[in-house]
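Readers should treat all values here as calculations from the given coordinates under stated rules, not as data from a laboratory. Just so it is clear, the structure is predicted and the values come from calculations on it, not from any experiment. Every residue, glycine as well, gets a Cβ built from its backbone with ideal geometry; the counts of neighbours run over all protein chains shown.
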Amino acid sequence: MPDVSSGKIILEPELIKVHTIFHYTSGKKMKTILQNLAEGDQAFCIIQKQDGEDVLILEGEPISVENLDDIPRKSGKALDGKRYDSISVVPYSQIRERGYLAKNTGEKILTLDLTRQSEIPLETLLALLPCDDITLEKEITFDTSTESYEKLIQRIVEDEIGNGEGANFVIPRTSRGKISEFSVRKAFTIFKSLLKNDYGTYWKFMFYNGDRFFIGSTPERHLLVEGKRVKMNPISGTFRKDKPYAKRVHFKEDLLEFLKDQKEINELFMVVDEELKMMAKMCGKGGAIVGPLLKEMSQLIHSEYLLSGVSDKDVLELFKESMFAATVTGSPVENACNIIYKYSDKSRGYYGSALMLLGHDENGHDYLDSPITIRTVEINEKGDFLMAVGATLVRDSVPAEEVKETEAKSAALVNSIVNSGRQNPTPPLLSRFANDDDIAETLQQRNQYLSNFWFFKQEIPLQLRKLGIELTITIIHNEDDFAFMLKHVFSSLGAKTTVVSYREYDFSKDKSAITVVGPGPGNPNETDKPKMRQNMTFTRQLLESGKKALFVCLGHQFLCKHLGYAIEKKTIPYQGVQKKITLFGAEERVGFYNTFVPKPSIILNDVELSVDAADKEIVAIRGRDFMGFQFHPESILTKNGDRILMDSILYLLKEE
């Protein structure tokens, strides 16, 4: 009789180690369990995490709920390791819980209220899963033609990024097909193919709620909350493994070219900045960045960073604040949602959102593990399937190349369906270069001029309080969560900082020592729009009153416009660009996210300008009671951003 006092049983190598929620299952019954699942009578989810040796099998009662707070919650300590309470597939339209726009055609949160959990070795599972023949009744076709998608990309780059509406956007293409004589066994066959042929992913999973299947091999961790530690993994930059390499040196040459590609580098920096905005909201105790790292899969290699912090917030609150990854929406996220809404003729369904596994650990702490829903196929019981893939569109995107990227990203899933019987995964290439100096050095060089502040755990030095300064700051939020990164930096300096939406800001009630007019998307010359009109009013009130004020990016443009300088559209947008400037006599490397810029068109007394020598643009300005920066001191692209903000505070308070 095996000992079950520890909450686990270990059987002969013939079978398995099993953890269960309500009762213990002998290893010899696992085959029967899988057979029952294959009959389609039981809702379940099977997960392999990070190419692990064991696979998690979750069974439960399927429910559909409208809101995240409707998901059943449990409490208490787990007897052994982690106890999983629910697994959910969250639709993209759930982002409405953040107040953002999203089209919806009736999608709900699909949840399994779990009753049993088991672990099985991967090799045992593979031996038990079927390998049926799969044929297509309908060929796989894209909803959007190559030509139409290229035109859409060009429109977004020119009309949206080119007019200051954001730094990057993700618009997916959806492909569809139909599997002949579809069954649960054939779904298992597709999943088995992914398990055998894809690698390097965060989760490989098969979710079935009795109505439809979601089968995926997703590369990116969206959010992990474990013991109050919060982690996110922004991934961007794609190297396609779409050609054979006769010699290692040829692969290395191509990889180094990719790692030095400024478009790919900037693309990753932008999504890191965007997810740092989320981390700044979620993790008041600070955090740090690790990386860059390389993640290799069967068809692609991605570059990524790890963001890690600590939070006391509830896991569902953290999930809400993180909806959804910038890598599948764009930045800033709020306006990216507006652009997605504008250019999408239908709902995104469950693409570009997340799965969410909830549970508890042995100490009773809430646990949440959430991958993003990309590289995922959705199949109904008739065999009709769809899968969506997207490319990150930036200012220098080449439409034809972005189309190729969508095709490469869907290749692993397509192969898992049409070539499910094959068992010949593409061998990993990076393992041959694990200790290669050139690759390691090239990766590390990416961080050389990035922010000192964000790459080290913030221990809250409270510099202002050491100087005996008690300071309150109000930040006006202009639809860009860079405001929360500003708040985090100011708070680490020792300032009591509040963020308030421009819709709710009232100058007459603002008692803070310094007010910050924050960054945001849009054209400051469009003063007929409410946001622009209201911010111009705030700017006038701040300057006329003599109240100490700092203006950042869009705020800087409001300041300069009020002072009489011309605000012009840049020929090439500076969205996610680092540049060396002279800031009031000191050389600095700073990060820009702007399409519009003030020009030194007039001469004013008692105003000091920092003008970019090459472009003749006002990158900074200061007067007796105000300062303005066209760049983002809070961005990872600004090397000494925390010092610049500290110096700004001291400058504004110099007469007090």
Seminar exercise, completed: Note on segment 189-276: contact order normalised by length, alpha-carbon pairs under 8 Å, 6 or more apart, percent, works out to 19 percent
Exercise. Given charges of +1 on the Cβ of Lys and Arg and -1 on the Cβ of Asp and Glu, with all other atoms neutral, how large is the dipole of the chain about its Cα centre, in debye to the nearest 20?
Worked result: 600 debye
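Taking every pair of distinct Cα atoms and averaging 1/r, then inverting, what Kirkwood hydrodynamic radius in Å comes out for segment 126-169? Could the numbers behind the result be given before it?
On the way: mean 1/r = 0.0700 Å⁻¹.
Hydrodynamic radius (Kirkwood, Cα only) of segment 126-169 equals 14.3 Å.
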Problem set entry | Relative contact order %, segment 463-652, counting alpha carbon pairs below 8 Å whose residues are six or more apart | 18 percent
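What fraction of the DSSP beta bridges in the chain is antiparallel, stated in percent and rounded to the nearest 5? List each step's numbers first, then the result.
Numbers: 118 of 136 bridges.
Here the antiparallel bridges make up roughly 85 percent for the chain.
Is the shape of segment 463-652 rounded, prolate or oblate, going by the alpha carbon gyration tensor and its root eigenvalues a ≥ b ≥ c, with a/c under 1.5 for rounded and a/b larger than b/c for prolate?
Details: a/c = 1.41, a/b = 1.14, b/c = 1.23.
Here segment 463-652 falls in the rounded category.
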Exercise. For segment 160-235, what is Rg from Cα atoms divided by 2.2 N^0.38 Å, rounded to two decimals?
Worked result: 1.53
For this session: Could you please rank GLU274, GLU588, GLU53, placing first whichever residue has the fewest other Cβ atoms within 10 Å of its Cβ?
Result: GLU53, GLU588, GLU274
Exercise. Going toward the positive end of the dipole of the chain, with +1 on Lys and Arg Cβ and -1 on Asp and Glu Cβ, which of SER64, MET278, PHE182 do you reach last?
Worked result: MET278
For this session: Any chance you could list the semi-axes, whole Å, largest first, of the equivalent ellipsoid that the Cα gyration tensor gives for segment 547-656, using √(5λ)?
Result: 20, 18, 12
Exercise. What per residue convex hull volume, in Å³, comes out for segment 300-456 when only alpha-carbon positions are used?
Worked result: 234 Å³
Seminar exercise, completed: Rounded to the nearest 10 degrees, the helix 482-493 long axis (Cα) sits at an angle to the longest Cα principal axis of the chain of 70 degrees
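Which whole-number percentage describes the relative contact order of the chain, with Cα contacts under 8 Å and a sequence gap of 6 or more?
15 percent
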For this session: Could you list TYR92, TYR651 in order of exposure, starting from the residue whose Cβ has the fewest other Cβ atoms within 10 Å?
Result: TYR651, TYR92
Exercise. Counting only DSSP beta bridges with both residues in segment 499-656, what percent are antiparallel, rounded to the nearest 5?
Worked result: 75 percent
Exercise. Along the Cα-to-Cβ line of LEU256, 7 Å from the Cα, sits a label point; which residues in segment 262-306 have backbone N less than 16 Å from it?
Worked result: 262
For this session: Quickly estimate the mean residue ellipticity at 222 nm for the chain, helices only: each DSSP H run with n ≥ 4 gives -39500 (n - 2.57), and the total goes over all residues, rounded to 500.
Result: -8000 deg cm²/dmol
Seminar exercise, completed: Rounded to the nearest Å, the spacing of the alpha-carbon centers of segment 617-656 and segment 487-522 is 15 Å
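Computed over the Cα atoms of segment 87-192, what is the convex hull's projected area averaged over all directions, in nm²? Don't skip to the end; give the middle numbers.
On the way: hull surface 44.7 nm².
Dividing the Cα hull surface by four gives the mean projection, 11.2 nm².
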For this session: Taking the chain as the reference, fit the longest principal axis to its C-alpha atoms, fit the long axis of helix 248-259 to the helix C-alpha atoms, and give the angle between the two in degrees, 0 to 90, nearest 10.
Result: 40 degrees
Exercise. How big is segment 185-339 in terms of Cα radius of gyration and Dmax, in angstroms?
Worked result: 17.7, 52
Seminar exercise, completed: The alpha-carbon pair-distance distribution computed for the chain, with 10 angstrom bins and whole-percent values, is 3, 15, 25, 25, 17, 10, 4, 1, 0, 0
Seminar exercise, completed: Longest principal axis of the chain (C-alpha) makes with the long axis of helix 530-545 (C-alpha) an angle, in degrees to the nearest 10, of 40 degrees
Exercise. What is the Cα centroid distance between segment 164-187 and segment 240-265, reported in whole angstrom?
Worked result: 27 Å
For this session: Identify all lysines with a Cα-Cα distance to LYS108 below 19 Å; exclude those on the same chain that are fewer than 8 residues away in sequence.
Result: LYS320, LYS346
For this session: Could you order peptides 627-640, 244-257 by the average number of other Cβ atoms within 10 Å of their residues, highest first?
Result: 627-640, 244-257
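I'd like to know how segment 266-378 sits against the 2.2 N^0.38 Å rule of thumb: what's its Cα Rg over that expected value? Don't skip to the answer; put the middle values down first.
Numbers: Rg = 15.4 Å, N = 113, 2.2 N^0.38 = 13.3 Å.
After normalising by residue count via 2.2 N^0.38 Å, the value is 1.16.
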